[in-house]
Amino acid sequence: MRQLQGRQQIVKGIFLSVILILLIKLFYIQIIDSQYKKSAKNNAIRFEVQQAARGLIYDRNKKLIVSNIASYDLMVIPREVKSMDTLSLCNLAEITKEEFIRKLKETKSYSDYKESVFSKQLNTENAHKIQELLNTFNGFYIRVNTTRDYPVDIAAHVIGYLGEVGKEKAKEKYYTKGDLAGRTGIESSYETSLRGHKGMKLILVDSKNRPQGSLNNGKHDSLAIHGANITTTLDIDLQEYGELLMQNKIGAIVAIQPNSGEILTLITAPNYNPNDMKGRSRSANYTAMSLDKNKPLFNRALKGTYPPASPLKLVNSLIALQEESLNKNNIYLCNMGFEFGNNRKMGCHEHPSAVNLKTAIAMSCNSYFCNVWENFYSDYNTVQEGYAVWKEHIESFGFGNYLNNDFKLGTKGFVPNADYFDKYYKRWKSSTILSMSIGQGELLVSPIQMANLSVILANRGYYYIPHIIKEIENDTIPFKFKQKHYSSIAAKHFTTVIDGMELVFNLKDGTAIESKVEGITICGKTGTAENPHGEDHSIFIAFAPKENPEIAIAVYVENGGWGSTWAAPIATLMIEKYLKGDTDYPNRERRMINGNLLRLQ
């Protein structure tokens, strides 16, 4: 009991000490310090928040891709606004009188005492004129700020853009109404690192709203702290080249470094210029792009969903090898397709008939992989039992989840449960969903998931979470990006599949022989995804070199037809550009650059 009473006395003593200090300080300010008395009589104190400059963003080779330039915001403290020449201020702020009335009402409803942004990013000349006329615009002042500038006009979906904070975010301690924050891309994912820390200036202003300098020579000011600079994993030169190849097309390219999970390129087409999403024209540009039927704002690389098409044949082969329902030397005949059920047939293109696993991959024989599918299910008592095993393997390749990437954005795709088929078909068997043996049907994936599949193949069974961050100033990279994630397939089974992927370029009837690159051993797989809304989609995945791979890639070209027509040559040009720095196939490059598939829309 005595110990408790002693603690109570200590707490009481602390409270009394704090109160005494505050009373002494108040007495000093009000009675003794003549400077404060003079300020109180002749000036008002304006508390000006000092916005921190956002951190700079670099590519993996330290090339600057996002910087800052000075900008000017018109600020308002509603309770200080008095009668004025409203029209003059409207002209200088480039707003209408109706906008003035609306904005003033909005800022008052937010707070009559707190500062708010009234008009953002004024041009320099008008900002200076307002500054000169502040004595006629009581309650308003100019805040010097920074805005984003883009030395490169590419990688818009990677970089992202800034937007005014919404009501919920404005409630956070850091933000005030009118502040800008990252809305998409790196700007959003690493907002807390990039934004820095705000400062505060106590400015003396006279009765005519004119600044008279800092209170007490800035003794009470706090400086804004620059946001952390960020180095990304992006190769901006490869990104630029990929965007050039994808111009006038719809689709995506994702390239990843297999031994680290670092994203080298993340391309969505059609794209937009990041400079279109800054300044006073941002709202109009955003509206125009939102209405564009080709959806340039939609991040297809992360959020687009497509059938995996023939690249799934590689995964189905690995599953069958793991479950011992497939011998790599098995030979299946192909008579332009696989017959099943009640006089039904899964068609196949013309190629030499007798095929084993390697040549089946090289020639993309549908019949072979239908046999692999049916043989796999024959080992189980029910189709549901077999499907559960298949699904578990599929999900170990990263399908059906977001991959936990640092964009905090993406789609899971769609890997249906068995009860989905129970409900849809009532009674079903393996042949009911035979289209999934060749990557068609219900399964849906995103381009980044397919690039991750390329990584798993390149690494013979594992991947790192795909990520865009390489270095954060004065901070560390999340440990999750350094952890290996293993598929459910033993490493020994990848050898035959990878050999087949090499034959895609080297066998006489290989599906990508025309996209071969001399001097680089590329392992790849073409795909053609059925599209009920038009021309089929052209797909290709690959990695290179075969030994010690440095790049893994996935390319989707909507309405591009065969995988060998558009996706394969684009992928091999990208690989060659990354590994060699240039291309030895100018005609191939010219055809890809000049190809315009938007005309087909």
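How large is the Kirkwood hydrodynamic radius of region 402-525, in angstrom, based on all distinct alpha carbon pairs?
Working: mean 1/r = 0.0564 Å⁻¹.
Over region 402-525, the inverse of the mean reciprocal pair distance is 17.7 Å.
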In nm², the average projected area of the convex hull spanned by the Cα atoms of region 291-450 is 11.5 nm²
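Provide the packing ranking of 294-304, 248-258, 402-412, i.e. peptides ordered by the mean count of other C-beta atoms within 10 Å per residue, highest first.
Values: 294-304: 20.5, 248-258: 25.4, 402-412: 18.2.
My ranking of the peptides, most packed first, is 248-258, 294-304, 402-412.
Any idea what diffusion coefficient region 248-335 gets from Stokes-Einstein, in µm²/s, Kirkwood Rh on alpha carbon pairs, 20 °C, 1.002 mPa s? Numbers along the way, then the final one.
Values: Rh = 17.0 Å.
Calculated translational D: 126 µm²/s.
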I need the Kirkwood Rh of region 67-164: take the reciprocal of the average 1/r across all distinct C-alpha pairs and report it in angstrom. 14.6 Å
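Ranked from highest to lowest mean number of other Cβ atoms within 10 Å per residue, what is the order of the peptides 117-125, 229-237?
Details: 117-125: 18.0, 229-237: 22.2.
Ranked by mean Cβ neighbours within 10 Å, highest first: 229-237, 117-125.
Taking every eigenvalue of the Cα gyration tensor of region 261-307, multiplying by 5 and rooting it, what semi-axes result, largest first, whole Å? Could you put the intermediate results ahead of the total?
Details: eigenvalues 107, 44, 9 Å².
Semi-axes, largest first: 23, 15, 7 Å.
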How large is ³J(HN,Hα) for each residue in region 278-283, as worked out from phi by the Karplus curve 6.51 cos²θ - 1.76 cosθ + 1.60 (θ = phi - 60°), to whole Hz, x for Gly and Pro? 9, x, 6, 8, 4, 4
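Over region 43-140, with every protein chain in place, what whole percent of the accessible area is carbon and sulfur at 1.4 Å, could you tell me? It would help to have the intermediate numbers written out before the result.
Details: 2460 of 4880 Å².
Its accessible area is 51 percent carbon and sulfur atoms.
Beyond 13 Å, what share of the Cα-Cα pairs of region 311-355 is found? Please give it as a whole percent.
Values: 658 of 990 pairs.
The share of Cα pairs beyond 13 Å in region 311-355 comes to 66 percent.
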Using amide H atoms built in the peptide plane, which far-off residues or other-chain residues are under 5 Å from Leu264 H to H? Ala255, Ile256, Gln257
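Roll a 1.4 angstrom probe over the protein heavy atoms and tell me the percent of accessible area of region 358-486 that is carbon or sulfur. Working shown, then result.
Values: 2450 of 5300 Å².
That share works out to 46 percent.
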What are the ³J(HN,Hα) values, in whole Hz, obtained from phi via the Karplus relation 6.51 cos²θ - 1.76 cosθ + 1.60 with θ = phi - 60°, for each residue of region 153-169 in sequence order, with x given for Gly and Pro? 10, 10, 6, 4, 6, 6, 5, x, 9, 9, x, 5, 5, x, 4, 5, 5
I need the peptides 261-273, 193-205 ranked by packing, meaning the mean over residues of other C-beta atoms within 10 angstrom, with the highest value on top. 261-273, 193-205
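Rounded, prolate or oblate: which fits the chain, taking a ≥ b ≥ c as square roots of the Cα gyration tensor eigenvalues, rounded meaning a/c under 1.5, else prolate when a/b beats b/c?
Numbers: a/c = 2.81, a/b = 2.15, b/c = 1.31.
Prolate.
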Gyration tensor (alpha-carbon) shape descriptor, region 457-522, a/c threshold 1.5: oblate
If amide hydrogens are placed 1.01 Å from N in the peptide plane, which non-local residues have theirs closer than 5 Å to the one on Asp406? Ile468
Counting only heavy atoms of the protein chains, get the accessible area per residue of the chain (1.4 Å probe) and round it to a whole Å² value. 47 Å²
Where q = 0.09, 0.14, 0.15 Å⁻¹, what log10 of I(q)/I(0) comes from the Debye formula for region 94-248, counting one point per Cα? -0.42, -0.92, -1.02
Hey, can you grab everything whose amide H is under 5 Å from the amide H of Met84? Only 5+ residues off in sequence or another chain; H modelled, so Pro and N-termini drop out. none
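From the Cα gyration tensor of region 360-421, with a ≥ b ≥ c the square roots of its eigenvalues, which class applies: rounded if a/c is under 1.5, or else prolate if a/b is larger than b/c, or else oblate?
On the way: a/c = 2.97, a/b = 1.47, b/c = 2.02.
Because a/c hits 1.5 or more and a/b fails to exceed b/c, region 360-421 counts as oblate.
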Using the Karplus equation 6.51 cos²θ - 1.76 cosθ + 1.60 (θ = phi - 60°), what ³J(HN,Hα) coupling, rounded to whole Hz, does each residue of region 360-375 give in order, writing x for Gly and Pro? 5, 5, 4, 9, 6, 7, 4, 4, 4, 6, 5, 4, 4, 5, 5, 5
Starting from the Kirkwood radius over alpha-carbon pairs of region 453-601, derive D by Stokes-Einstein at 37 °C in a medium of 0.692 mPa s and give it in µm² s⁻¹. 196 µm²/s
Relative contact order for the chain, counting Cα pairs under 8 Å that sit 6 or more residues apart, in percent: 14 percent
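The values are calculated or read from the model by the stated rules, or taken from the named source; none is laboratory data. Everything numeric in this text was worked out from a predicted model, so none of it was measured. When we count neighbours, we look across all protein chains shown, and the Cβ atoms used for this are built from the backbone with ideal geometry, even at glycine. The protein model used for the area step is the full one, side chains on, heavy atoms only, and it has no ligands, DNA or RNA in it. Shrake-Rupley method; radii C 1.70, N 1.55, O 1.52, S 1.80 Å.
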